[in-house]
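What follows is a single structure, written as structure tokens, with notes after it.
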Amino acid sequence: MEQMIEEQKGKDSELYIILKNSWSNFFNFFKEDRFAMVGLIIYLFVGIIAIFAPVIAPYDPHEMLRYDGEYRTNAGPNSENILGTTNMGRDVFSQLIYGARPAVLVGVSAAFMVVLIGTLVGLVAGYYRGKVDTFLMRVTDVAFGIPFEPFVIVLVAFLGPSIWNIVLAMGLLLWRDTARVIRSQVLVVRERGFVESARVAGASNFRIIFRHITPNILPLALLYGSLAMGWAILTEAAISFLGFGDPSAVSWGFMLNDAFVSQALSRGSYSWFVPPGICIMLVVMAGFYIGRGSEKILYPRMNQY
Amino acid sequence: MNWMYLLRRIGQMILTLWVVATILFFIFRLMPGNPLAAYIDPTFTAEQQQELMRQFGLDKPLWEQYFIYMANLLQGELGQSFFYKDSVTSIMMNVLPNTIYLMVFSFVIAYVLGILFGVLFAWYRGSKFETIGLIATLITRSAPQFWVGMVLLAIFSFHFGWLPSGGVSAAGSQYNSEWDKLTSLEFYKFLSLPAFTLIFYLIGLPLLLMRSNMLDVLGDTYVEMAKMRGLSKYRIMFKYGARNAALPVLTAMAVGIGYTIGGNVIIETVFSWPGIGRLLVNAVTASDYPLAQGAFLVIAAFMIFMNFVADLLYGLLDPKISAGGGK
């Protein structure tokens, strides 16, 4: 048993070195890791499109286009509508561009909730240990026992179909992975010398947690946040696809739902329903790429492969 | 396996189930509007409405409803569906087999193929075959399931007309029994698109896990020894390598099965697959609370149980967890 503890301590100090370097790693790995860089570029690209959507999109995404007085419905790609039009005569390309807005909104706010709740739960549980830890970890177990998609559906049906309710429902569950990981890191960090010195110097728990421990686990939390970003965008799309989405937001999931229920599949309007899926895929991939980079921070041993 | 660990873990599982059931009760009871709105005909008189409320036990105080709900749950009684006017348990029993067929079929194929390709990717590490394979795997992991389903539907069902677009049987026809269903070729035609969509998504995890485990194992001396002894490539791959890497994959599979039953709501809806996930979506849309609640609970219970199985498997993998008393 004692030997095991010793072994554990050995691992801890290794981890500590990794953590100490993690802030500089956090910025460096984007430079060094090509994959992480690609992930970051995709995120930035979507962000820029979201900001400049009105400038880039040739039409209003809701506008039913008329040419020579006739509605142009179910058009294939042509010179005026590069991805064609929907069954209501709306420009698919413009919808795709505007779809970046809810994606960014959902991704960033869900990631924020995940980082905030996950970090707080992990910090408090790992720092205070004992009963507080047991209680918080049982709560985390419960969160792991709730099926994600069904929960979001039920809660959104209950609270009403809006982007914020979808984000809230996702945030209420997605923190669970972050909390577990952060907690185990806090358990390691709190045993370090500088925490002990701070305690001896009479620093309050509050100060130790936020001043001394948080900076060491924040990079890790942010990486989990970046994974959550892609995951949240994917889920929002799925929920919108099922018809529980925000009816006023033109999201990629809404576009796919719209295409699905208006027989775009049987008409073979590939230019309508293929692009939104590719957009979602790229964003999720970006999360994976950044997450893959994070493995290098956490488990440098894997670098050899 | 430590018995105390097992008992404590079972206790934890029951506690989690109870808390989830309680949360669910309050979510559904606190829903705004009359829970019977979908059920009550506008022509009903106030007395008739009162009578209905009484029948469903909705006239009692909340805490009393909670105790009745819990007592019923313990007996496996999930109430009456507002919409189908039938017992929730029997409605679910009708659709549950479909969900299980889809899952078992997809998981078996996805894991067999995933393990196979994982081993091959590890063996041919650094080759073009591996690079292309890994990119393809990444695509399977990040493409939205429902979108993959849509593309497949557009191509194989609507464009070529090779496969049906949804359901489990042709319009108007029915299977006489579950056995009849499983032995009819027709059923597999309906199963193939949703199963392929699910396999497409599931294959990535066992593949990547197997690959990284194999990479660990391949460097070991006994594999080197086997190579030197001149054993065939495939014998080394599967007898020496894969055997050691299989348990983590099995653990991942247990967790994966648990998560997939929740995620199935989407695939089942795309393909109108009459399973528990689609039942949940339809019940929520129709404000059929007892049915939605029942379907949610079954999905949650299944997931909690699979997490439990995964933990036990994990305990086998790493004896420190079960012997060392958790923390």
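Computed quantities for the displayed model
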quantity	calculated
Distant-in-sequence amide H partners of B:Gln80 (H built 1.01 Å from N, under 5 Å)	B:Val88
Bins of 10 Å from zero: percent of alpha-carbon pairs in the stretch B:74-152	14, 27, 24, 18, 11, 6, 0
Dmax and Rg, reported as Rg then Dmax, of the protein assembly as shown (C-alpha, Å)	26.2, 87
Inter-part distance where the stretch B:79-113 and the stretch B:212-276 are each reduced to a Cα centre, Å	26
Unsatisfied cross-links (Cα-Cα over 30 Å) in the set B:Lys128/B:Lys239; B:Lys189/B:Lys239; B:Lys128/B:Lys233; B:Lys85/B:Lys181	B:Lys189/B:Lys239
Interface residues in the stretch A:149-186 - accessible area drops by 50 Å² or more relative to the isolated chain, probe 1.4 Å	A:Glu149, A:Pro150, A:Val154, A:Phe158
Share of carbon and sulfur in the accessible heavy-atom surface of the stretch B:93-325 [1.4 Å probe, %]	67
Under the span-like rule (Cα at least 30 Å along the axis, Kyte-Doolittle mean at least 1.0), DSSP H helices of chain B	B:3-29, B:88-123, B:243-270, B:289-317
Between the stretch A:72-106 and the stretch A:113-179, the alpha-carbon center distance in angstrom	35
B versus A: buried accessible surface, summed, Å² (probe 1.4 Å, to nearest 100)	4200
Per-peptide average of other Cβ atoms within 10 Å, ordering A:227-237, A:203-213, A:265-275, A:93-103 highest first	A:227-237, A:93-103, A:265-275, A:203-213
Peptide B:6-18, shielding by other chains (average Cβ, 10 Å cutoff)	2
Inter-chain Cβ neighbour average for residues A:138-145, partner chain, 10 Å	6
Nonlocal amide H pairs with A:Tyr67, under 5 Å, H built at 1.01 Å	A:Arg72
CD proxy at 222 nm, helix term only [per DSSP H run n ≥ 4: -39500 (n - 2.57); per residue of the protein assembly as shown; nearest 500]	-23500 deg cm²/dmol
³J(HN,Hα) computed for each position of the stretch A:157-167 - Karplus, 6.51 cos²θ - 1.76 cosθ + 1.60, integer Hz, glycine/proline x	5, 6, 8, x, x, 9, 3, 5, 5, 5, 4
Amide proton proximity set for B:Ile203, modelled H, under 5 Å, gap of 5+	none
Highest-first arrangement of A:247-258, A:111-122, where packing means the average Cβ count within 10 Å	A:247-258, A:111-122
Karplus-derived 3J(HN,Hα), 6.51/-1.76/1.60, for each residue of the stretch A:268-278, Hz, glycine and proline x	x, 7, 4, 5, 8, 9, 7, x, x, x, 5
Residue-normalised accessible area of the protein assembly as shown, given per residue in Å² at a 1.4 Å probe	47
Ranking by accessible area, most exposed first, for B:Glu64, A:Glu196 with a 1.4 Å probe	A:Glu196, B:Glu64
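The values are calculated or read from the model by the stated rules, or taken from the named source; none is laboratory data. The structure displayed is predicted, hence computed values, not measured ones. Glycine also receives a Cβ, built like all others from the backbone with ideal geometry; neighbour counts cover every protein chain displayed. Accessible surface areas use protein heavy atoms only, side chains included; no ligands, DNA or RNA. Shrake-Rupley method; radii C 1.70, N 1.55, O 1.52, S 1.80 Å.
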